[in-house]
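The values are calculated or read from the model by the stated rules, or taken from the named source; none is laboratory data. From a predicted model like this one, the values you see are computed outputs, not experimental measurements. Glycine gets a Cβ as well: all are built from the backbone with ideal geometry, and neighbour counts include every protein chain shown. Surface areas here come from the heavy atoms of the whole protein model, side chains and all, with no ligands, DNA or RNA. Shrake-Rupley method; radii C 1.70, N 1.55, O 1.52, S 1.80 Å.
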Amino acid sequence: MFYHINGFVSELEPNLAVLECGGVGFAVNITMNTAASIKVGEKAKLYISEAIGENNFDLYGFKTKSEKRCFEMLISVSGIGPKAGLSILSALSPEQISSAILSSNSPLYLI
């Protein structure tokens, strides 16, 4: 299991970063918030959540531990998969999600 990957960002797309670490380029699915906080050619540390299945081994990376924890809680909810979890965290911060859950005026009811 990966806890974090620390390396140079060799490629960056809206929902994907490639982290070069020890000569290996790790393709990591990321949120828009994480994408905004890293730059190609610079060093980055991403906290990793893995999704391993019969036909996949996907990595999901987050700039903060709280974003990673929030993602893992979101995908534990029935009907919310990793792609939906990334989309939610691209629109709302972990703090906004927590506030929304505690509030009766929750935008999460729309999901």
Exercise for review: Find the residue count for the range 37-82, including only residues that are surrounded by 14 or more Cβ atoms within 10 Å (Cβ to Cβ) and under 12 Å from F2 (Cα atoms).
Suggested key: 9
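Within the range 22-36, track down each residue that is without any contact (Cβ under 8 Å) to a residue 60 or more places away in the chain and surrounded by 13 or more Cβ atoms within 10 Å (Cβ to Cβ).
If the condition is that a residue be without any contact (Cβ under 8 Å) to a residue 60 or more places away in the chain and surrounded by 13 or more Cβ atoms within 10 Å (Cβ to Cβ), then G25, F26, A27, V28, N29, I30, T31, M32, T34, A35 are the ones that fit.
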Exercise for review: Search the range 1-21 for residues that are open to solvent by 80 Å² or more (accessible area, probe 1.4 Å) and pair each with any residue that is in a loop (DSSP other than H, G, I, E, B) when their beta-carbon atoms are under 8 Å apart and the residues are at least 6 apart or on different chains.
Suggested key: F8/G41; F8/E42; E11/V40; N15/T31
